[in-house]
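Read the structure below first, then the notes.
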Amino acid sequence: ARVAALLRQADEGTLTAEGPVSAELAALYAEMARVGAARPGPEPAAAAKERELLALLETAAAPEDRERLMALLRSSAAEPGAMERAYEVYALLDALADADPDDPRVDEAAGLLADCLPPGVAAELAADHEVSEQAQGGFVNVLFSDFAPAQAAAVRGAMRLLTDRARSDRARSGGARSGDAR
């Protein structure tokens, strides 16, 4: 069944350069292609990088993590205008390719990237980021090494913003509960 699906995708011209992916990820890629084609100029390199990363995560993740990733992607992509906002961030990240990490656009890109995600997705990613920051795992290091310094600073900044927001939300909700328990 999988080979038949791959052959069908190849015949339809929908088999991506990133490799064979699930039907859900292929649908996300199709939406990315639709939005990207509607924008002037070439597709931002950051969009292609994200597709590669998603394909790698989908391939390497444990089944329960893969299911969680797909649920996050569905949730994020379902937000009205989400893909259009993502392409704005991709373009800004591309513009940072030759910039210094202290370029003021880094903070702008971090804020826009963090704002692209619906609250539930942001909280999930923030929790994962907290674990990744504590573990300082090889995957995180490899991920950031693939970015130019200013781009990596923007992504790290977005993750810090998401983590701070999630902590703040937990403190607000947990603070009310701890006050009630006393």
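The values are calculated or read from the model by the stated rules, or taken from the named source; none is laboratory data. All values derive from a computational prediction rather than experimental measurement. FYI the Cβ positions are ideal-geometry reconstructions off the backbone, even for glycines, and counts take in every protein chain you see. Just so you know, the surface numbers come from the protein's heavy atoms only, side chains and all, with ligands and any DNA or RNA stripped out. Shrake-Rupley method; radii C 1.70, N 1.55, O 1.52, S 1.80 Å.
Please report the net charge: other residues with Cβ closer than 12 Å to the Cβ of Ala37, K and R +1, D and E -1.
Details: positive: Arg34, Arg39; negative: Glu31, Glu43.
Net charge in that neighbourhood comes out at 0.
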For this session: Report ³J(HN,Hα) in whole Hz for each residue of segment 159-169, in order, from the Karplus equation J = 6.51 cos²θ - 1.76 cosθ + 1.60 where θ = phi - 60°; Gly and Pro get x.
Result: 5, 5, 4, 5, 5, 4, 5, 5, 4, 4, 4
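Leaving ligands, DNA and RNA out of it, report the carbon-plus-sulfur percent of the accessible area of segment 53-120 at a 1.4 Å probe. Display every interim value, and only then the final one.
Working: 2120 of 3650 Å².
It is 58 percent, rounded to a whole number.
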Problem set entry | Note, ³J(HN,Hα) from phi for segment 106-113, Karplus 6.51, -1.76, 1.60, rounded to Hz, x at Gly and Pro | 4, 5, 4, 5, 4, x, 5, 5
Seminar exercise, completed: Ranked output for segments 163-172, 43-52 by mean other Cβ atoms within 10 Å, highest leading, reads 43-52, 163-172
